[in-house]
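Take a look at the structure set out below.
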Amino acid sequence: MEKPVRFAADYSSQYNADWLQEYFIPINQLQPFIESLKNIVLKNNINLLNLTVRYVPAEKNSLLSYAQQNCFAVVLYFNQALSKEEIDKAGSWTRELINSSLSLGGSYYLPYQLFATQDQFRKSYPSYKEFLNLKNKYDPNNLLFFIVDK
């Protein structure tokens with residue numbers, strides 16, 4: 001596995017990029033989510049390079065936990081063109097996937113692109129305001145990181 005992983009990490013292009021997205025789906029909802037994912041991938045002709053499913057135990061000790069219950073993480077690794085049209089298209093199908101995960105009691109984590117709406121974020125991370133209040137208390141000058149809440 002060393003060579004393919006190294007190749008993926010070294011890949012660079014001004015025309016397209018490889019991205020990760022991760023969705024956290026309650027264990028009993030994996031099959032409906034995979035069906036929804038399949039339909040969205042086919043409808044949008046997503047260049048899906050890999051899909052990994054892993055078990056994630058509930059994490060209730062974090063205010064921004066994406067796993068409020070035992071779940072499966074569905075990790076997408078895909079290639080996307082970098083034109084404005086293709087980025088907008090990716091944003092649209094990403095929001096569809098987020099809505100699918102939310103409708104099944106799940107959440108999402110998108111490490112690279114910020115396509116989720118404010119409403120989708122708030123539904124996935126209901127303790128966000130509590131986190132923001134604590135952050136503002138201990139980091140009033142935003143030294144650690146800056147958060148915009150509209």
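Tabulated values for the structure
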{"item": "Mean separation of Cα contacts under 8 Å (6+ apart) over length of segment 10-138, as relative contact order %", "result": "34 percent"}
{"item": "Segment 21-105: trypsin sites (Lys or Arg not before Pro) in DSSP coil with no more than 16 other Cβ atoms inside 10 Å", "result": "K60"}
{"item": "Selection from L82, F131, Q68 lying farthest towards where the dipole of segment 10-138 points positive, charges on Cβ", "result": "F131"}
{"item": "Angle between the chain longest axis and helix 128-138 axis [Cα atoms, degrees, rounded to 10]", "result": "60 degrees"}
{"item": "Debye, to nearest 20: dipole size of the chain, +1 on Lys, Arg Cβ, -1 on Asp, Glu Cβ", "result": "240 debye"}
{"item": "Residues of segment 42-69 with amide N under 20 Å of the 7 Å Cα→Cβ point at L114", "result": "64-66"}
{"item": "Dipole magnitude of segment 40-102, debye to nearest 20 (Cβ charges: Lys/Arg +1, Asp/Glu -1, about Cα centre)", "result": "120 debye"}
{"item": "Which labelled figure in (1) 16.3, 54; (2) 20.5, 62; (3) 16.7, 46 is Rg and Dmax of the Cα atoms in Å, once derived from the coordinates", "result": "(3)"}
{"item": "Rounded tilt (10° steps) of 84-103 against the dominant C-alpha axis of the chain", "result": "60 degrees"}
{"item": "Above-threshold pairs, the threshold being 26 Å between Cα atoms, out of K38/K60; K38/K129; K89/K129; K38/K123; K84/K135; K84/K123", "result": "K38/K60; K38/K129; K89/K129; K84/K135; K84/K123"}
{"item": "Helical mean residue ellipticity (222 nm; -39500 (n - 2.57) per DSSP H run of 4+; nearest 500) of the chain", "result": "-13000 deg cm²/dmol"}
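Readers should treat all values here as calculations from the given coordinates under stated rules, not as data from a laboratory. Since this is a predicted model, take the numbers as computed values, not measurements. Positions of Cβ are generated from backbone atoms using ideal geometry, with glycine treated the same way; all protein chains shown enter the neighbour counts.
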